[in-house]
1. Find the residue count for the stretch 211-258, including only residues that are touching a Ser or Thr at 6+ places or on another chain (Cβ under 7 Å) and either under 27 Å from Val33 (Cα atoms) or outside any helix (DSSP H, G or I) (or both).
2. Pull out all pairs, ordered by first then second residue, where Cβ-Cβ is under 7 Å, the residues are six or more apart or on different chains, the first lies in the stretch 91-109 and is within 20 Å of Gly316 (Cβ to Cβ), and the second is polar (S, T, N, Q).
3. Which pairs have Cβ atoms under 7 Å, sit 6 or more apart or on different chains, and link a residue in the stretch 43-62 that is modelled with pLDDT of 80 or more to one that is surrounded by fewer than 20 Cβ atoms within 10 Å (Cβ to Cβ) and not hydrophobic (A, V, I, L, M, F, W, C)?
4. Please go through the stretch 250-306 and pick out each residue that is farther than 21 Å from Phe234 by Cα, hydroxyl-bearing (Ser, Thr, Tyr) and within 17 Å of the chain's Cα centre (by Cα).
5. Any idea which residue in the stretch 88-130 is modelled with the highest pLDDT, counting only those that are of a type in the set (D, E, K, R) and either part of a loop (DSSP other than H, G, I, E, B) or over 30 Å from Leu226 (Cα atoms) (or both)?
6. Could you tell me which numbered condition Ile251 fails, if it satisfies all but one of (1) β-branched (Val, Ile, Thr); (2) buried (at least 24 other Cβ atoms within 10 Å of the Cβ); (3) modelled with pLDDT of 90 or more; (4) within 18 Å of Val80 (Cα to Cα)?
7. If we keep just the residues of the stretch 26-42 that are among the small types (Gly, Ala, Ser), at pLDDT 80 or above and over 25 Å from Pro322 (Cα atoms), which is surrounded by the most Cβ atoms within 10 Å (Cβ to Cβ)?
8. Which of the residues spanning the stretch 262-281 are surrounded by fewer than 17 Cβ atoms within 10 Å (Cβ to Cβ) and either assigned to a helix (DSSP H, G or I) or in contact with a strand residue (DSSP E or B) (Cβ under 8 Å, 6 or more places away or on another chain) (or both)?
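The values are calculated or read from the model by the stated rules, or taken from the named source; none is laboratory data. In this text, all values refer to a predicted model and were calculated from it rather than measured experimentally. Here the Cβ positions follow ideal geometry from the backbone for every residue, glycine too, while neighbour counts run over all protein chains shown.
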Amino acid sequence: MGIFERYLSVWVAASIALGVGLGIAFPALFEVVASLSISNVNLVVALFIWVMIYPMMVQIDFSTIKEVGKNPQGLVLTIVINWLVKPFSMAALGWLFFEGIFANYVSPETAQEYIAGMILLGVAPCTAMVFVWSQLTKGDANYTLVQVSVNDVIMIFAFAPIAGLLLGVSDIHVPWSTLFVSVVLYVLMPLVAGIFTRKRLNNSGKNDDAINALLSKLKPFSVVGLLATVVLLFGFQANTIIAQPLNIVLIAIPLILQTYGIFFIAYFAALKLKLKHNIAAPACLIGTSNFFELAVAVAISLFGLHSGAALATVVGVLVEVPVMLSLVAIVNKTKHWFNP
């Protein structure tokens with residue numbers, strides 16, 4: 001691991017602090033950046049995420065994707081965790097904490113918005129960031145792509161019904177344009193760029209050597225894309241974060257419990273299914289992490305930029321990045337469990 005990956009948790013913490021600091025110092029600047037959106041999907045954030053996952057897309061070799069069908073258990077695990085377990089456990093924790101344990105600390109209206117934000121996180125399984133987690137755990141890039149693709153297809157049909165059911169509003173308006181634009185910007189465009197790049201490098205006759213040389217040059221940009229995304233998201237919510245520090249902690253507690261709980265459920269299942277480590281790792285991390293870019297965009301669309309729901313989704317970013325880095329460490333240290 002290079003210096004970027006080795007100290008990623010330090011860079012993330014610094015980015016969070018920088019984002020909040022810049023958001024307080026230059027609120028007008030972040031308002032301008034926030035306005036650069038299509039269907040509530042911020043184009044600047046999309047650009048940074050694109051830079052982040054493009055190198056992972058270059059690694060994908062479509063000629064080997066046909067091999068995925070020989071080991072479907074990883075896909076089954078991802079689907080079950082993402083769509084039959086995670087949304088409902090997230091909602092249950094939201095109701096438990098904000099309608100029970102923390103009921104005396106927030107107003108009923110605020111509690112409902114926090115629960116809504118948590119639900120939107122739970123119904124949006126990871127798409128972009130999972131390529132980072134997969135790379136850090138030496139996951140199978142081709143298998144990860146298939147897992148993400150299957151989740152994206154399911155999301156198109158399942159996001160609205162599950163979100164509507166859990167939010168308790170049968171006629172909830174789900175901004176389909178937000179969902180569509182998010183998938184195009186965060187997955188389709190970098191994927192097409194990766195395919196085109198790999199094809200050109202293969203046609204040069206240098207094949208793997210040329211691809212590895214390019215990836216070595218691009219790796220720092222991938223981490224920079226992640227850190228820039230964190231800076232922007234926390235810059236957008238800086239004033240709210242400073243004004244409501246206790247509420248940040250209250251939201252973070254059930255989110256942390258959810259993240260670790262879902263991971264260990266999926267990891268235990270992966271062991272029982274005897275999956276290969278490079279398949280089990282991304283399968284479990286997809287179910288554990290969230291498509292926070294989409295959750296933030298939908299929360300803003302439904303409840304407003306400064307709503308409790310939008311704040312909860314941003315706290316999801318605050319919790320997810322450091323917690324996921326700890327889970328990456330666990331996955332890497334327990335590799336021998338899968339490959340004795």
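1. Number of matching residues: 3.
2. Going by the 7 Å Cβ cut-off, the qualifying pairs are Leu93/Gln258; Val106/Asn247.
3. Leu43/Ser37
4. Passing the criteria: Tyr260, Thr288.
5. Out of the qualifying residues, it is Glu99.
6. (4)
7. Ser37
8. Residues satisfying the conditions are Phe264, Phe268, Leu271, Lys272, Leu273.
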